[in-house]
Amino acid sequence: MADSGSLQALVEGLRRLPGVGAKSASRMAFHLLQHDRPGALSLSRALSQAVEQVQHCALCHTFTEAEICSTCSDPRRDAAKLCVVETPADQSAIERTAAFKGLYFVLMGKLSPLDGIGPKDIGLHELVDRACDGVVQEVILATNFTAEGEATAHAIGATLKARGLQVTRLARGVPAGSELEYVDLSTIAHALVDRR
(Lines give C-alpha, C1' and ligand atoms only; values in the text may rest on other atoms or scores of the structure.)
Protein backbone atom coordinates (compact mmCIF):
# COMPACT_ATOMS: atom_id res chain seq x y z
CA MET A 1 0.00 0.00 0.00
CA ALA A 2 1.09 3.54 -0.65
CA ASP A 3 3.12 5.22 2.07
CA SER A 4 0.36 7.27 3.68
CA GLY A 5 -0.70 7.34 7.30
CA SER A 6 -4.05 8.94 6.34
CA LEU A 7 -4.76 6.26 3.75
CA GLN A 8 -3.88 3.51 6.23
CA ALA A 9 -6.13 5.12 8.83
CA LEU A 10 -8.98 5.16 6.28
CA VAL A 11 -8.48 1.49 5.47
CA GLU A 12 -8.40 0.59 9.18
CA GLY A 13 -11.55 2.65 9.74
CA LEU A 14 -13.38 0.82 6.94
CA ARG A 15 -12.26 -2.55 8.33
CA ARG A 16 -14.36 -1.83 11.43
CA LEU A 17 -17.50 -2.38 9.36
CA PRO A 18 -19.04 -5.86 9.63
CA GLY A 19 -18.01 -8.22 6.86
CA VAL A 20 -15.26 -5.92 5.56
CA GLY A 21 -11.81 -7.44 5.47
CA ALA A 22 -8.46 -5.90 4.60
CA LYS A 23 -8.84 -6.31 0.82
CA SER A 24 -12.38 -4.92 0.69
CA ALA A 25 -11.44 -1.99 2.93
CA SER A 26 -8.44 -1.22 0.74
CA ARG A 27 -10.56 -1.35 -2.45
CA MET A 28 -13.15 0.98 -0.90
CA ALA A 29 -10.50 3.45 0.24
CA PHE A 30 -8.77 3.53 -3.16
CA HIS A 31 -12.11 3.86 -4.96
CA LEU A 32 -13.25 6.78 -2.80
CA LEU A 33 -9.95 8.63 -3.13
CA GLN A 34 -9.40 7.94 -6.82
CA HIS A 35 -12.92 7.97 -8.29
CA ASP A 36 -15.34 9.57 -5.83
CA ARG A 37 -13.84 12.25 -3.64
CA PRO A 38 -17.20 14.11 -3.42
CA GLY A 39 -18.78 10.84 -2.24
CA ALA A 40 -16.01 10.42 0.31
CA LEU A 41 -16.64 13.92 1.67
CA SER A 42 -20.39 13.29 1.76
CA LEU A 43 -19.84 10.02 3.62
CA SER A 44 -17.50 11.74 6.05
CA ARG A 45 -20.00 14.52 6.78
CA ALA A 46 -22.92 12.09 7.16
CA LEU A 47 -20.95 9.86 9.53
CA SER A 48 -19.77 12.80 11.61
CA GLN A 49 -23.29 14.25 11.80
CA ALA A 50 -24.80 10.89 12.79
CA VAL A 51 -22.22 10.34 15.53
CA GLU A 52 -22.91 13.82 16.93
CA GLN A 53 -26.72 13.85 16.65
CA VAL A 54 -28.03 10.27 16.91
CA GLN A 55 -28.71 9.07 20.44
CA HIS A 56 -30.79 6.41 22.19
CA CYS A 57 -34.52 6.93 22.76
CA ALA A 58 -35.21 7.46 26.47
CA LEU A 59 -38.05 4.92 26.35
CA CYS A 60 -37.10 2.12 23.95
CA HIS A 61 -33.34 2.65 23.38
CA THR A 62 -33.52 2.68 19.57
CA PHE A 63 -31.60 5.30 17.59
CA THR A 64 -33.16 8.75 17.26
CA GLU A 65 -32.19 12.40 17.05
CA ALA A 66 -34.87 13.37 19.59
CA GLU A 67 -35.19 12.41 23.25
CA ILE A 68 -38.18 10.18 22.39
CA CYS A 69 -38.27 8.40 19.02
CA SER A 70 -41.11 8.78 16.53
CA THR A 71 -42.41 5.26 17.25
CA CYS A 72 -42.68 5.80 21.01
CA SER A 73 -44.32 9.20 20.53
CA ASP A 74 -46.87 7.96 17.97
CA PRO A 75 -50.32 7.87 19.68
CA ARG A 76 -51.58 5.38 17.06
CA ARG A 77 -49.24 2.65 18.33
CA ASP A 78 -50.69 -0.06 20.60
CA ALA A 79 -49.00 0.58 23.96
CA ALA A 80 -50.39 -2.70 25.33
CA LYS A 81 -47.94 -4.68 23.13
CA LEU A 82 -44.19 -4.41 23.69
CA CYS A 83 -41.81 -6.13 21.28
CA VAL A 84 -38.32 -6.84 22.61
CA VAL A 85 -35.51 -6.91 20.02
CA GLU A 86 -31.73 -7.07 20.24
CA THR A 87 -30.78 -4.14 18.02
CA PRO A 88 -32.21 -1.12 16.18
CA ALA A 89 -31.57 -3.06 12.94
CA ASP A 90 -33.89 -5.83 14.19
CA GLN A 91 -36.54 -3.24 15.06
CA SER A 92 -36.21 -1.76 11.58
CA ALA A 93 -36.68 -5.20 10.01
CA ILE A 94 -39.91 -5.76 11.95
CA GLU A 95 -41.16 -2.27 11.12
CA ARG A 96 -40.63 -2.88 7.40
CA THR A 97 -43.10 -5.79 7.56
CA ALA A 98 -45.90 -3.41 8.69
CA ALA A 99 -47.26 -6.40 10.69
CA PHE A 100 -46.65 -4.96 14.18
CA LYS A 101 -48.32 -1.81 15.50
CA GLY A 102 -47.15 -1.90 19.11
CA LEU A 103 -44.10 -0.42 20.81
CA TYR A 104 -40.53 -1.68 21.19
CA PHE A 105 -37.76 -2.17 23.68
CA VAL A 106 -34.29 -2.47 22.14
CA LEU A 107 -31.86 -4.42 24.31
CA MET A 108 -28.75 -3.19 22.45
CA GLY A 109 -27.33 -6.69 22.68
CA LYS A 110 -27.95 -10.16 24.07
CA LEU A 111 -26.85 -12.19 27.05
CA SER A 112 -23.45 -13.71 26.47
CA PRO A 113 -21.73 -14.91 29.66
CA LEU A 114 -18.61 -15.95 27.73
CA ASP A 115 -18.22 -12.34 26.59
CA GLY A 116 -19.06 -10.96 30.04
CA ILE A 117 -22.46 -9.60 28.94
CA GLY A 118 -25.03 -10.05 31.68
CA PRO A 119 -28.56 -8.80 32.44
CA LYS A 120 -27.38 -5.32 33.49
CA ASP A 121 -25.54 -4.87 30.18
CA ILE A 122 -28.68 -5.38 28.09
CA GLY A 123 -30.98 -3.24 30.23
CA LEU A 124 -33.06 -6.02 31.80
CA HIS A 125 -33.99 -3.81 34.78
CA GLU A 126 -35.21 -1.03 32.46
CA LEU A 127 -37.17 -3.58 30.43
CA VAL A 128 -38.90 -4.94 33.54
CA ASP A 129 -39.80 -1.39 34.62
CA ARG A 130 -41.21 -0.62 31.18
CA ALA A 131 -43.13 -3.90 30.91
CA CYS A 132 -44.62 -3.51 34.39
CA ASP A 133 -45.88 0.04 33.83
CA GLY A 134 -49.52 -1.05 34.04
CA VAL A 135 -50.14 -0.40 30.33
CA VAL A 136 -48.23 -3.29 28.72
CA GLN A 137 -50.31 -6.46 28.52
CA GLU A 138 -48.16 -8.61 26.21
CA VAL A 139 -44.40 -8.75 25.78
CA ILE A 140 -43.30 -10.27 22.47
CA LEU A 141 -39.78 -11.68 22.58
CA ALA A 142 -38.24 -11.13 19.16
CA THR A 143 -34.62 -11.89 19.94
CA ASN A 144 -32.66 -13.73 17.28
CA PHE A 145 -32.79 -17.51 17.05
CA THR A 146 -29.13 -17.91 17.96
CA ALA A 147 -27.99 -19.65 21.15
CA GLU A 148 -27.47 -16.27 22.85
CA GLY A 149 -30.80 -14.93 21.55
CA GLU A 150 -32.63 -17.98 22.87
CA ALA A 151 -30.92 -17.67 26.26
CA THR A 152 -31.83 -13.99 26.36
CA ALA A 153 -35.47 -14.73 25.50
CA HIS A 154 -35.62 -17.45 28.16
CA ALA A 155 -34.19 -15.18 30.87
CA ILE A 156 -36.49 -12.28 29.98
CA GLY A 157 -39.51 -14.57 29.67
CA ALA A 158 -38.95 -16.15 33.07
CA THR A 159 -38.47 -12.75 34.72
CA LEU A 160 -41.60 -11.22 33.17
CA LYS A 161 -43.84 -14.27 33.64
CA ALA A 162 -42.94 -14.22 37.34
CA ARG A 163 -44.48 -10.74 37.42
CA GLY A 164 -47.71 -11.96 35.85
CA LEU A 165 -47.19 -10.61 32.32
CA GLN A 166 -48.23 -12.45 29.16
CA VAL A 167 -45.04 -13.30 27.30
CA THR A 168 -44.96 -14.63 23.73
CA ARG A 169 -42.09 -15.57 21.41
CA LEU A 170 -41.76 -15.18 17.67
CA ALA A 171 -42.88 -18.33 15.90
CA ARG A 172 -40.23 -20.60 14.46
CA GLY A 173 -40.85 -19.37 10.92
CA VAL A 174 -37.59 -17.46 11.25
CA PRO A 175 -34.74 -19.89 10.46
CA ALA A 176 -32.65 -21.02 13.43
CA GLY A 177 -29.28 -19.31 13.62
CA SER A 178 -30.46 -16.29 11.62
CA GLU A 179 -30.43 -12.61 12.46
CA LEU A 180 -33.63 -10.63 11.89
CA GLU A 181 -32.10 -7.87 9.81
CA TYR A 182 -31.13 -10.47 7.16
CA VAL A 183 -34.41 -12.45 7.12
CA ASP A 184 -36.91 -11.76 4.34
CA LEU A 185 -39.86 -9.59 5.36
CA SER A 186 -42.54 -12.19 4.63
CA THR A 187 -40.94 -14.68 7.02
CA ILE A 188 -40.74 -12.05 9.76
CA ALA A 189 -44.38 -11.05 9.20
CA HIS A 190 -45.56 -14.68 9.44
CA ALA A 191 -43.44 -15.24 12.55
CA LEU A 192 -45.10 -12.23 14.21
CA VAL A 193 -48.62 -13.38 13.29
CA ASP A 194 -47.96 -16.98 14.44
CA ARG A 195 -46.12 -16.08 17.65
CA ARG A 196 -46.72 -18.34 20.63
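The values are calculated or read from the model by the stated rules, or taken from the named source; none is laboratory data. Computed from a prediction, not measured in an experiment: that's the story for all the values here. Methodologically, a virtual Cβ is constructed for each residue, glycine included, from the backbone with ideal geometry; neighbour enumeration extends over all protein chains shown. Note: areas computed on protein heavy atoms with side chains; ligands, DNA, RNA excluded. Shrake-Rupley method; radii C 1.70, N 1.55, O 1.52, S 1.80 Å.
Skipping prolines and chain starts, which residues have an amide H placed within reach, meaning under 5 Å, of the one on I117, given they are 5 or more residues away or on another chain?
S112
Sequence-distant or interchain residues sharing an amide H contact under 5 Å with Y104, placed H: which?
Amide H neighbours of Y104: C83.
Which order do V85, V135 take by accessible area at a 1.4 Å probe, largest first?
If we order V85, V135 from most to least accessible, we get V135, V85.
Between Q55 and residues 5 or more places away or on another chain, which pairs have amide H atoms under 5 Å apart, with H built 1.01 Å from N, and which residues are they?
Amide H neighbours of Q55, under 5 Å, 5+ apart: T64, E65.
Over the C-alpha atoms of the range 1-74, what are the Rg and the largest Cα-to-Cα span, Dmax, in Å?
Gyration radius and largest Cα-Cα distance of the range 1-74: 16.5, 53 Å.
Using a 1.4 Å probe, how large is the accessible area of R15, given in Å² and rounded to the nearest 10?
Only protein atoms counted, so the area is about 110 Å².
For the range 108-159, report the convex hull volume of the alpha-carbon atoms normalised per residue, in Å³, without decimals.
Roughly 74 Å³ of hull volume per residue.
Pairs of alpha-carbon atoms within less than 8 angstrom and 6+ residues apart define the contacts here; what relative contact order does the range 69-130 have, in percent?
Dividing the mean separation by the residue count of the range 69-130 yields 30 percent.
Among S4, V135, L43, whose Cα projects farthest towards the positive end of the dipole of the range 1-139, with charges put on the beta-carbon of Lys, Arg (+1) and Asp, Glu (-1)?
Farthest towards the positive pole: S4.
Once the whole set of protein chains is in place, how much accessible area is left on H61, using a 1.4 Å probe, in Å² to the nearest 10?
Accessible surface of H61 is approximately 40 Å².
Can you grab the distance from the C-alpha centre of the range 27-78 to the C-alpha centre of the range 100-116, Å, no decimals?
The range 27-78 and the range 100-116 have Cα centres spaced 20 Å from each other.
Under the classification rounded if a/c is under 1.5, otherwise prolate if a/b is larger than b/c and oblate if not, where does the chain fall, given a ≥ b ≥ c as square roots of the Cα gyration tensor eigenvalues?
The shape class here is prolate.
Which of the lysines could a cross-linker span from K81 if the Cα-Cα distance has to be under 29 Å and same-chain partners fewer than 8 positions apart are dropped?
Cross-link targets: K101, K110, K120, K161.
Enter the accessible area per residue of the range 1-40 (Å², integer; probe 1.4 Å; all protein chains in place).
73
Tell me the relative contact order for the range 1-144 as a rounded percent, counting alpha carbon contacts under 8 Å between residues six or more apart.
The normalised contact order for the range 1-144 reaches 18 percent.
Quick one: how many Å² of F30 are accessible to a 1.4 Å probe, rounded to 10?
Answer for F30: close to 80 Å² accessible.
Can you work out the Karplus-derived ³J(HN,Hα) for every residue in the range 153-168? Use 6.51 cos²θ - 1.76 cosθ + 1.60 with θ = phi - 60°, whole Hz, and x for glycine or proline.
Couplings: 4, 4, 5, 5, x, 4, 5, 6, 5, 5, 9, x, 8, 7, 10, 10 Hz.
Calculate the dipole size of the chain relative to its Cα centre from +1 charges on Lys and Arg beta carbons and -1 charges on Asp and Glu beta carbons; express the result in debye to the nearest 20.
320
Considering only T187, V20, H31, whose Cα is most displaced toward the positive end of the charge dipole of the chain, charges sitting on Cβ of Lys, Arg (+1) and Asp, Glu (-1)?
T187
Can you send over the carbon and sulfur percentage of the accessible area for the range 50-196, probe radius 1.4 Å, protein chains only?
Whole-percent figure for carbon plus sulfur exposure: 53.
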